[in-house]
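The values are calculated or read from the model by the stated rules, or taken from the named source; none is laboratory data. Keep in mind that what you see is a predicted model, and the values were worked out from it rather than measured. Don't worry about glycine lacking a Cβ; one is built from the backbone with ideal geometry, like all the others, and counts go over all protein chains shown. The area values use the complete protein model at the heavy-atom level, side chains included, leaving out ligands, DNA and RNA. Shrake-Rupley method; radii C 1.70, N 1.55, O 1.52, S 1.80 Å.
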Amino acid sequence: MLKINENLIILESAALAESGKGLRFALPMLGEHVTGFVVRYKGKPYAYVNQCAHVSVELDWNEGDFYTAQQDFLICSTHGAHYRPDNGFCVFGPCKGKSLKPIEVVEQNQKIIINTASVM
Ligand code: FES
């Protein structure tokens, strides 16, 4: 993962597998230990702050494991909230109706560019 300035993180498109492991990155502007993550879903990258909408804990089971076994939803490892990968909306669990905080991400020329300033 390459960080080119305070706000932009750039990675190779190939680093992000379809419905596979997500990639985490630091979000120091939100706090010392706050992270974000990016996953690929139906061909497109989606990035969110790595904080459940129920209690602000990180979602992943093991580092980078955000998907359910069926790979259709992102799941919180603490109480099992299910989020739509394409918009972060919680469809099941204690925070149903709430959403993850999205982070701007674009993919072009085989690169994924995450704008971490977009969460501020
Ligand atoms: S902390 Fe995520 S569902 Fe409760």
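For the chain, the relative contact order works out to 25 percent when only alpha carbon pairs closer than 8 Å and six or more residues apart are counted.
Estimated at 0.36 nm per residue, the fully extended path between residue 4 and residue 71 surpasses their Cα-Cα distance by 21.0 nm. Please name whichever of 92, 29, 117 sits farthest to the positive end of the charge dipole of the stretch 9-120, dipole taken about the Cα centre and charges placed at Cβ: Lys and Arg +1, Asp and Glu -1. Result: 92. With a ≥ b ≥ c the root eigenvalues of the C-alpha gyration tensor of the stretch 60-107, is it rounded (a/c under 1.5), prolate (a/b larger than b/c) or oblate? Because a/c hits 1.5 or more and a/b fails to exceed b/c, the stretch 60-107 counts as oblate.
The DSSP beta bridges internal to the stretch 2-119 are antiparallel in roughly 95% of cases.
I want to verify the translational diffusion coefficient of the chain in µm²/s; compute it with Stokes-Einstein, Rh as the Kirkwood radius over Cα pairs, at 25 °C and 0.890 mPa s.
Stokes-Einstein gives a translational diffusion coefficient of 174 µm²/s.
In this structure, the amide hydrogen of residue 35, modeled 1.01 Å from its nitrogen in the peptide plane, lies closer than 5 angstrom to those of 27, 50, counting only residues at least 5 positions away or on a different chain. Overall, the accessible surface of the stretch 1-107 at a probe of 1.4 angstrom is composed of carbon and sulfur to the extent of 53 percent.
Taking 0.36 nm per residue of sequence separation and removing the Cα-Cα distance, the residue 55/residue 96 pair yields an extension gain of 13.5 nm.
Once the 1.4 Å probe is applied to the protein heavy atoms, the stretch 2-119 comes out at 52 Å² accessible per residue. If R0 equals 41 Å, the separation of the Cβ atoms of residue 63 and residue 108 corresponds to a calculated FRET efficiency of about 0.90.
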